[in-house]
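Asker: Okay, handing you the structure first.
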Amino acid sequence: MLMYQVDAFADRVFAGNPAAVLVLDQWLADDLMLNIAEENNLAETAFVCRSKTSDEWELRWFTPVHEVDFCGHATLAAAHVLVRHFGETGPLQFNTRAGTLYVSVDGDGYELNLPRFEPEPLAALPKEIGGLFGAEPKSIFRNFENIFVQLEHEAAVRGFVPDAARIATLFPLGLAITARGEEFDFVSRYFAPGAGIPEDPVTGSIHATLVPYWAKQLGRTDLSAYQASRRGGYLRCRQERDRVLIRGSAVTFMEADINLQTRGIDNR
C-alpha cells in the first residue's frame with residue numbers, strides 16, 4: 001500500500017509540518033488506521049477515500065493516540081498528494097468531522113477554505129494549567145477542541161517552556177498560545193501532548209479561531225501569521241463571513257510502500 005509523507009506549510013523539505021497521506025479505494029478498519037498513525041509517529045496521518053456518491057472526498061485524520069475532529073496541515077498535505085500524484089486539478093471538497101473543507105490550487109501553493117470557529121471567552125485558565133505562564137495572560141478563550149491563551153508579547157510566546165505533563169491533563173483539549181507579532185500580524189505555538197503531539201510545528205486548524213480573534217483585535221481581515229515552532233511556518237490568512245482562508249505550500253518528502261501482509265490485508 002502506497003503512503004506519502006508531505007511537509008505542509010513549507011516550500012522545501014525539512015520545514016513546515018510533516019503529515020502522512022494514504023489514498024484509499026475503501027476504508028480500512030479504524031484500529032488499523034490508528035496503528036498506521038502510531039507507527040508513523042507524526043502529528044497526523046490522513047486517510048482519503050473518494051465518496052461513493054459524488055466526486056467529493058472523505059477525509060479522516062489520526063494522531064498516534066486517537067482520531068481527531070479537525071486538522072488543517074494534513075488537509076493541505078492530502079490535497080497536495082491528490083493534485084501532484086493523482087492528477088486531480090481541484091478545487092477539492094473534503095467531507096470531514098469538522099464540516100466541509102475546500103482546497104484549491106493557488107499559483108505554486110494551495111488555498112484552504114475552512115469553517116470559522118469563533119473564540120469563546122473564558123474568565124480564567126483551566127485549573128489544570130493555572131499559573132503555567134507566570135504573568136497573567138492578556139486573554140483566554142477556547143473553541144470546541146482547544147484552549148487559547150494570549151500572552152503579552154511575541155518574546156513570551158517564543159520563550160515559553162511547556163510543561164508537557166500538565167498540558168497533557170487538558171486532553172482531549174490542546175493548548176495554543178499567541179501574541180501580537182513584530183514582523184507578522186500574530187504569532188502562535190501549539191501543544192497537544194495528551195494526543196501524542198508534544199508541539200505541533202504548524203497547525204492550520206487553530207487558525208480557524210485565531211484569525212477571527214486577531215481580525216477583531218486588529219480591525220482587518222487579511223492577516224499574516226507565523227507559528228514559532230522549531231521548524232516554523234508562515235500562513236497567509238483571510239477572514240470571510242463564516243469561513244477562514246489560509247494559503248500555504250507543500251512538498252513531498254517521501255513515497256513509501258507500506259507492508260500490511262502480516263495483517264492479512266491486500267497490500268496492493
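The values are calculated or read from the model by the stated rules, or taken from the named source; none is laboratory data. Given the structure is predicted, the values throughout are model-derived calculations rather than measurements. Positions of Cβ are generated from backbone atoms using ideal geometry, with glycine treated the same way; all protein chains shown enter the neighbour counts.
Yes/no per residue for (1) touching a His at 6+ places or on another chain (Cβ under 6 Å); (2) over 24 Å from Asn35 (Cα atoms); (3) not acidic (Asp, Glu):
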residue	(1), (2), (3)
Gly181	no, yes, yes
Phe184	no, yes, yes
Val187	no, yes, yes
Ala195	no, no, yes
Asp200	no, no, no
Ile206	no, yes, yes
Leu210	no, yes, yes
Trp214	no, yes, yes
Gln217	no, yes, yes
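Asker: For the structure I just gave you, tell me whether Gly72 is in contact with a strand residue (DSSP E or B) (Cβ under 9 Å, 6 or more places away or on another chain), buried (at least 18 other Cβ atoms within 10 Å of the Cβ) and outside the structural domain of Trp214 (by TED's automatic domain parsing).
Answerer: For Gly72, the condition - in contact with a strand residue (DSSP E or B) (Cβ under 9 Å, 6 or more places away or on another chain), buried (at least 18 other Cβ atoms within 10 Å of the Cβ) and outside the structural domain of Trp214 (by TED's automatic domain parsing) - is met.
Asker: Any residue at all in segment 42-63 that is touching a Pro at 6+ places or on another chain (Cβ under 8 Å) and either surrounded by 20 or more Cβ atoms within 10 Å (Cβ to Cβ) or closer than 20 Å to Ala250 by Cβ (or both)?
Answerer: Yes, segment 42-63 has at least one match.
Asker: Sticking with this structure for a sec: Would you mind listing the strands (runs of 3 or more DSSP E) fully within segment 192-268 where at least 1 residues are outside the structural domain of Asp106 (by TED's automatic domain parsing) and acidic (Asp, Glu)?
Answerer: Of the strands (runs of 3 or more DSSP E) lying wholly inside segment 192-268, those with at least 1 residues that are outside the structural domain of Asp106 (by TED's automatic domain parsing) and acidic (Asp, Glu) span 197-200, 222-227.
Asker: Looking at (1) within 23 Å of Phe70 (Cα to Cα); (2) surrounded by 18 or more Cβ atoms within 10 Å (Cβ to Cβ); (3) in contact (Cβ under 8 Å) with a residue 60 or more places away in the chain, which one does Gly174 not meet, given that it meets all the others?
Answerer: Gly174 satisfies every listed condition except (3).
Asker: Of all residues in segment 85-107, how many are on the phi < 0 side of the Ramachandran plot and either surrounded by 15 or more Cβ atoms within 10 Å (Cβ to Cβ) or not assigned by TED's automatic domain parsing to the domain that holds Phe62 (or both)?
Answerer: Qualifying residue count for the region: 14.
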